[in-house]
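Every number here is computed from the coordinates shown, using simple stated rules; none is lab data. The structure displayed is predicted, hence computed values, not measured ones. Cβ placement follows ideal geometry from the backbone for every residue including glycine, while neighbour counts extend to all protein chains displayed.
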Amino acid sequence: MLTLPRIVDRPAVTYVALKADVTLPFDGQIPAILKRLFSHIENNKLKEGGPIFFKHNVINMPDIEMEFGVPVDQAVAPFEDFTSGILPAGRYAEITYFGPYENLIMVNGVLIGWACQAGLIFDSGHKDGGEWFANRLEIYHNGPDEEPDPQKLQTTVTIKLRDEGCH
């Protein structure tokens, strides 16, 4: 099930993330990535401030430069392949999906198609042979550990819109 696409205002959010270049499908890598991420959060005595997200920085299908992150109470210094910073505030095109993760490519396509039809312009550009995004997230409100029924998994896809030029 999908919600209707919408435009929302999102506040700036401090986060920490593990940066990785991945190739679809990368499902098998996620447990190890999240284990490292949560160890880093614990080692830095950070307080989680929201659900896990996957930030798509540069997409050149099937390759994606990503950050696997969590909102936290304070930024920390970069360390190895970890980064920390602020997700930008602004207007976002967004849709929420209830169902299995294998449909998230389709969900992204629905949001992008809706935004194009609405004349919205993403805060993005071309970089390294792919498309760079100021902030494009898949936010995982729950996961298989707490919700075993794949039809009840809740994921929000949200993409920052340009500050100027939006209709």
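Among residues other than ASP21 with Cβ under 12 Å from its Cβ, the summed charge is -4 (Lys and Arg +1, Asp and Glu -1).
The stretch 1-39 and the stretch 50-101 have their alpha-carbon centroids 5 Å apart. Just tell me which lysines come within less than 16 Å, Cα to Cα, of LYS45; anything on the same chain fewer than 8 places away is out. Result set, ordered by chain and number: LYS35.
In plain terms, the chain from SER39 to ASP73 could stretch by 10.7 nm, reckoned as 0.36 nm per residue minus the Cα-Cα distance.
Beyond 22 Å in Cα-Cα separation lie the following of the pairs LYS47/LYS160; LYS47/LYS127; LYS19/LYS160: LYS47/LYS160; LYS47/LYS127.
A straight chain from GLU48 to ILE86 at 0.36 nm per residue would run longer than the Cα-Cα distance by 12.3 nm. Spacing of the modelled spin labels on ASP27 and ASP63, each 7 Å from Cα toward Cβ, amounts to 2.4 nm.
Of the GluC sites (Glu not before Pro) found in the stretch 109-165, those that fall in a DSSP loop while having at most 15 other beta-carbon atoms within 10 Å are GLU146, GLU164. Between LYS19 and ILE7, the modelled labels are 3.2 nm apart [label points 7 Å from Cα along Cα→Cβ]. Computed on the chain, with alpha-carbon pairs under 8 angstrom and 6+ residues apart, the relative contact order is 29 percent. For LEU161, the amide hydrogen comes within under 5 Å of the amide hydrogens of ARG91, TYR92, ALA93, ASP123, counting only partners 5 or more places away or on other chains and with H modelled in the peptide plane. Working note: Karplus 6.51/-1.76/1.60 with θ = phi - 60° gives the stretch 2-15 the couplings 10, 7, 5, x, 7, 9, 10, 9, 10, x, 5, 9, 6, 8 Hz, where Gly and Pro are set to x. Quick check: from the Cα gyration tensor, does the stretch 6-160 come out rounded (a/c under 1.5), prolate or oblate? Here the stretch 6-160 falls in the rounded category. Fewest neighbouring Cβ atoms within 10 Å first, the residues HIS141, HIS56, HIS126 line up as HIS126, HIS141, HIS56. Classify the stretch 1-41 as rounded, prolate or oblate from the Cα gyration tensor: take a ≥ b ≥ c as the square roots of its eigenvalues, call it rounded if a/c is under 1.5, otherwise prolate when a/b beats b/c and oblate if not. Verdict is oblate for the stretch 1-41.
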